[in-house]
Each structure stands twice: as C-alpha cells, then as structure tokens.
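> So that we are looking at the same thing, I have put the structure below in structure tokens.
The values are calculated or read from the model by the stated rules, or taken from the named source; none is laboratory data. This structure is a prediction, so every number in the text was calculated from the model and none was measured. Neighbour counts are summed over all protein chains in view; Cβ atoms, including those assigned to glycine, are modelled from backbone coordinates with ideal geometry. Just so you know, the surface numbers come from the protein's heavy atoms only, side chains and all, with ligands and any DNA or RNA stripped out. Shrake-Rupley method; radii C 1.70, N 1.55, O 1.52, S 1.80 Å.
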Amino acid sequence: MTTPHAAFATPYPPSEETFAGSLMLQVARGVEDLDDLRDQVEDLVEHDDFSAVHPDDPVPTLEEAHALLDQVVAAHDAVVTEPSPSALALERALAALPGRGIAVSVGEGFDAGEAAREGYAAARELPGAVGYVYCHLQDLDRVVLTGRLLLGFSGMSGRLDDEAAAVGRTVVEVLTDAGLPVAWDGDPGARVLVDPVRWERPFGTR
C-alpha cells in the first residue's frame, strides 16, 4: 500500500498533533497561500494559546515559526514536483460539473454546514443550477492524511429526495468518467467517496 501523500516521506509528515505536522497539513491541502499561512502562524504564536494547541511542542518565536513554515514548504515541494495524476483527474471532473448544472465548492468552510452554505451560494450564481457539490477543510485534511475524499452534495431545495439523488448520480458519473475510484450507495443522505486519491500539487499552484 502506498502512503496517501508524498509529504509523509519528508522530515515533517502531515499531522494534526505537532506544529510542524500541522503546517505540512495546511501546505499539502493547498487552500491557503503563503501570506495566509504566515498570518495564521502569527495569530497562533502571538495571539492564541500555542501551548493549548500543541502541548508537546516548545513555543517558538515568530521568526522561528516563519522559518519553520518556509522549511515545510520547501520540503513539500521537494517531493511534490508536479501534480499527481489523480489530483489532475479530480480537478478535471470538478471543473466539468458546472456544465452539468452542479456548482462546486472545495475547501470553503470548516465543517459540513459551512461548506454546504458555500456550495449553495455558488449554485445561486450558476445559471440553470440543479444543485451543488462540496468538501470542507476537514475533508481536505482527511484526504491528505488517508487518501480518502468525501464529497457532499445537494439539490437546490436542500431536501434528501430524488432531486438530490440525481445530483449524486451525476457527480458519480463525472468522477467515474474521469477514471477515479468512486463509491456511493445511492442514498441522497450519504456522501460520495473517492478512494484512493493522492491530493498532490506543488504548493501555490492549486
């Protein structure tokens, strides 16, 4: 079995526990740019309770934290020199969904409720939208850590009905046509699983 992400081969494997691991997790999921991450590091070190978040790590100075972030980005890009085939396939599939009337929201919102609201807002801006598909930040963390991506979806009414099931079927069809391994049981209340997928792109290129 291969590891779910090349960053596990670096000195800073992705982790939710350690400071360096959490930085790698953010770099690997690829939603924030470097300025965003530097701002988050500053908040954590100077304004939040660093010791409560990472109790086993010594509290760094801001300079040390920024230097570590730069080292993590360099380590990530040393092993992720080009997009992985499955990441490219996933991106192509998601890019095709608006043409089928399905808006896409990736990495917007911390949890399912926030992500669904972002997906609905995107669908409101899509002419002829029949629904939307979404994943949130925790989903992206999970795909880095495990290689498993869960995608939520909904019809415009928000009900778990035939409209939502039709959106789910279209999502599965487009993902499958892109050559991705997809599992879904047809339940409009269940999310679509893409497994395995290597979510790999050089930092700053997503």
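> Over the chain, what percent of the accessible surface lies on carbon and sulfur atoms, probe 1.4 Å? Display every interim value, and only then the final one.
On the way: 5130 of 9990 Å².
Answer for the chain is 51 percent, counting heavy atoms of protein chains only.
> Another question, if that's okay. In whole angstrom, note down how far apart the Cα centers of segment 113-162 and segment 41-65 are.
32 Å
> From the C-alpha gyration tensor of segment 1-82, pull out the three semi-axes of the equivalent ellipsoid (sqrt of 5λ each), sorted largest to smallest, in whole Å.
Working: eigenvalues 96, 39, 21 Å².
Those come to 22, 14, 10 Å.
> Could you report the chain's accessible area per residue, 1.4 Å probe, as an integer in Å²?
Working: 9990 Å² over 206 residues.
Per residue, the chain has 48 Å² of solvent-accessible surface.
> Something else now. Per residue of the chain, what 222 nm ellipticity follows from adding -39500 (n - 2.57) for every DSSP H run with n ≥ 4, rounded to the nearest 500? Mind showing how you got there, number by number?
On the way: 8 runs with 93 residues, N = 206.
Calculated at 222 nm, the ellipticity per residue is -14000 deg cm²/dmol.
> Hey, another quick one. How large is the translational diffusion coefficient of segment 101-206 in µm² per second when you combine the Kirkwood radius over alpha carbon pairs with Stokes-Einstein at 37 °C and 0.692 mPa s? Kindly include the intermediate steps, with their values, before the conclusion.
Working: Rh = 13.9 Å.
Answer, rounded: 237 µm²/s.
> Over segment 1-121, what is the relative contact order in whole percent, taking alpha-carbon pairs under 8 Å and six or more residues apart?
22 percent
> For the chain, would you read off the P(r) tail past 22 Å as a percentage of all alpha carbon pairs?
Working: 10723 of 21115 pairs.
Here the tail beyond 22 Å accounts for 51 percent of pairs.
> Using the Cβ atoms and a cut-off under 11 Å, what net charge is assigned to the surroundings of LEU62, where Lys and Arg are +1 and Asp and Glu are -1? Mind dumping the intermediate values first?
Details: positive: ARG38; negative: GLU42, ASP43, GLU46, GLU63, GLU64.
Around LEU62, the charge tally is -4.
> Computed over the Cα atoms of segment 146-185, what is the convex hull's projected area averaged over all directions, in nm²?
On the way: hull surface 12.8 nm².
The number I arrive at for segment 146-185 is 3.2 nm².
> Continuing with this model, one more query. What do you get for Rg/Rh of segment 59-117 when both radii come from the Cα atoms and Rh is the Kirkwood radius?
On the way: Rg = 17.3 Å, Rh = 14.8 Å.
Radius of gyration over Kirkwood radius for segment 59-117 works out to 1.17.
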